[in-house]
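Remarks on the structure that follows.
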Amino acid sequence: MKTLFDIAPPVAQALEAGNPVVALESTVISHGLPWPDNKQLALETEAIVRAEGTEPATIAIIDGRIKVGLTEADIDRLARKREPVLKVSRRDLSYVVARRMNGATTVAATMWIAHRAGIRIFSTGGIGGVHREARESFDISADLYELTRTPVAVVASGVKSILDIGATLEMLESLGVPVVGLGTDEFPAFYSRRSGHRLHQSVTDEAEAARLIDAHFRLNIDTGLLLAHPVPEAEQIPFDRMEAHIARALQMQADAGVHGKDITPFLLARIKELTGGRSLQANLALLKANARAAARIARSLSKGNKG
Ligand code: PSU
Ligand code: MN
């Protein structure tokens, strides 16, 4: 199976030496952010991770090869999308590899690949979860199921803003996935630091997070772990204001009859307009802050394991 994987030399060397590595996803590059912010963000998050003494491993599928660690040229292709780039979750992996296609990996697929490459920490913006109309649509992200069976710690600022936070947290509880606040006792709401949903577990800083993750791995608890890290204060948009924008965007989606996988891009574009671009600024800020936190956790973890 490993022959289908291309582990970039610096990532392979870091893993070999037991040095810290942080996985980064690519759906956010190809499908979550507009050009050219997406390319800039991908390169900046990698630089942030490196500045913390940790090796970044951005994960994607290029010409059917599973890449762990990308070149700037790979990132450019994923960001420009001049050729088709599929959104790849766990169920899409075999298809995209067999057909030698390009794929941007979601949280679920990135976790699956990271784990098989030996990477334990992964940073993203927001995970998928339970949609607000899931009672009718059954739309529940494969990310939640992946967290039940792939032991990778995921740093995220909550779930996609358009989801049902309460239902997602209930489901993570039922599935036995730890959800731990990093510097917060409330589950963050992506663009907002607060959501009104209290967390039962929290850690104050990255060193404490590393000890928790270490215990999780030593106990061989074979689930993932979600570390909920709020958007930086300066870029956050208050929860009530955001909820009003999201409600309007959802109404526009219903009026326009947008369905299925077109829903998220449609809503994110409306939210960007309604917030005058502030949602994009918050999204970029939280992605960078999460990468920094994940890099520090990975460094702490690797120090602990070496010493
Ligand atoms: N959060 C965002 N934008 C995104 C995503 C999350 O604000 O583009 C991506 C992540 O890659 C996540 C995926 O894993 O969406 C979930 O997609 P779905 O709901 O189709 O499983
Ligand atoms: Mn979905």
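Of note:
- The residues in the stretch 198-243 that are part of a helix (DSSP H, G or I) and closer than 23 Å to A282 by Cα can be counted, and the count is 9.
- Pick from the stretch 165-194, criterion surrounded by fewer than 23 Cβ atoms within 10 Å (Cβ to Cβ) and among the small types (G, A, S), ranking: farthest from the chain's Cα centre (by Cα): S174
- Applying the set (1) out of contact with any strand residue (DSSP E or B) (no Cβ under 9 Å at 6 or more places or on another chain); (2) in contact (Cβ under 8 Å) with a residue 60 or more places away in the chain to F5 leaves exactly one unmet item: (1).
- The residues on offer are R296, R241, and the sole one that is away from ligand 1 (no atom under 15 Å from the Cβ), closer than 24 Å to A114 by Cα and of a type in the set (D, E, K, R) is R296.
- Those strands (runs of 3 or more DSSP E) of the stretch 121-194 in which 2 or more residues are within 15 Å of ligand 1 (Cβ to nearest atom) and of a type in the set (V, I, T) occupy 153-156.
- Residue in the stretch 202-216 that is open to solvent by 10 Å² or more (accessible area, probe 1.4 Å) and either at pLDDT below 95 or on the phi > 0 side of the Ramachandran plot (or both) present: no
- One residue stands out among those in the stretch 134-147 that are within 11 Å of ligand 2 (Cβ to nearest atom) and more than 26 Å from L286 (Cα to Cα): the one that is surrounded by the most Cβ atoms within 10 Å (Cβ to Cβ), which is A134.
Rundown of residues vs (1) farther than 14 Å from A189 by Cβ; (2) among the hydrophobic types (A, V, I, L, M, F, W, C); (3) touching a Pro at 6+ places or on another chain (Cβ under 9 Å), yes/no style:
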{"residue": "L212", "(1), (2), (3)": "yes, yes, yes"}
{"residue": "R248", "(1), (2), (3)": "yes, no, no"}
{"residue": "M252", "(1), (2), (3)": "yes, yes, no"}
{"residue": "D255", "(1), (2), (3)": "yes, no, no"}
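- When the stretch 251-279 is limited to residues that are away from ligand 2 (no atom under 14 Å from the Cβ) and part of a loop (DSSP other than H, G, I, E, B), the one that is farthest from the chain's Cα centre (by Cα) turns out to be G257.
A quick yes/no check of all residues on (1) out of contact with any Asp or Glu (no Cβ under 8 Å at 6 or more places or on another chain); (2) open to solvent by less than 10 Å² (accessible area, probe 1.4 Å):
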| site | (1), (2) |
| --- | --- |
| K67 | no, no |
| L70 | yes, no |
| D74 | yes, no |
| R82 | yes, no |
| K87 | yes, no |
| V96 | yes, yes |
| T105 | no, yes |
| A114 | yes, yes |
| F122 | no, yes |
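- Residue pairs meeting the criteria (Cβ under 9 Å; at least 6 apart or on separate chains; first closer than 14 Å to G125 by Cα and basic (K, R), in the stretch 35-47; second at pLDDT 95 or above and part of a helix (DSSP H, G or I)): none
- Any hit, the stretch 4-26, residues being over 27 Å from S279 (Cβ atoms), open to solvent by 20 Å² or more (accessible area, probe 1.4 Å) and part of a strand (DSSP E or B): yes
- Being in contact with a strand residue (DSSP E or B) (Cβ under 6 Å, 6 or more places away or on another chain) and either without any contact (Cβ under 8 Å) to a residue 40 or more places away in the chain or over 19 Å from D164 (Cβ atoms) (or both) holds for only one residue in A282, A247, A291, A269, and it is A291.
- Of all residues in the stretch 78-120 being within 13 Å of ligand 1 (Cβ to nearest atom) and of a type in the set (K, R), the one that is nearest to N220 (Cα to Cα): R90
- Residue list for the stretch 45-78, filter: touching a helix residue (DSSP H, G or I) at 6+ places or on another chain (Cβ under 6 Å), within 19 Å of N283 (Cβ to Cβ) and not in a strand (DSSP E or B): T45, I48, V49, I75, L78
- Count - residues of the stretch 149-164 that are open to solvent by 40 Å² or more (accessible area, probe 1.4 Å), modelled with pLDDT of 95 or more and within 22 Å of D92 (Cα to Cα): 1
- Residue within the stretch 195-208 that is among the hydroxyl-bearing types (S, T, Y) and within 18 Å of A293 (Cβ to Cβ) present: yes
The values are calculated or read from the model by the stated rules, or taken from the named source; none is laboratory data. What you see is a predicted model; the values in this text were computed from it and never measured. All Cβ positions, even for glycine, are placed from backbone atoms using ideal geometry, and neighbour counts span all protein chains on display. With ligands, DNA and RNA removed, areas are computed over all heavy atoms of the protein, side chains included. Shrake-Rupley method; radii C 1.70, N 1.55, O 1.52, S 1.80 Å.
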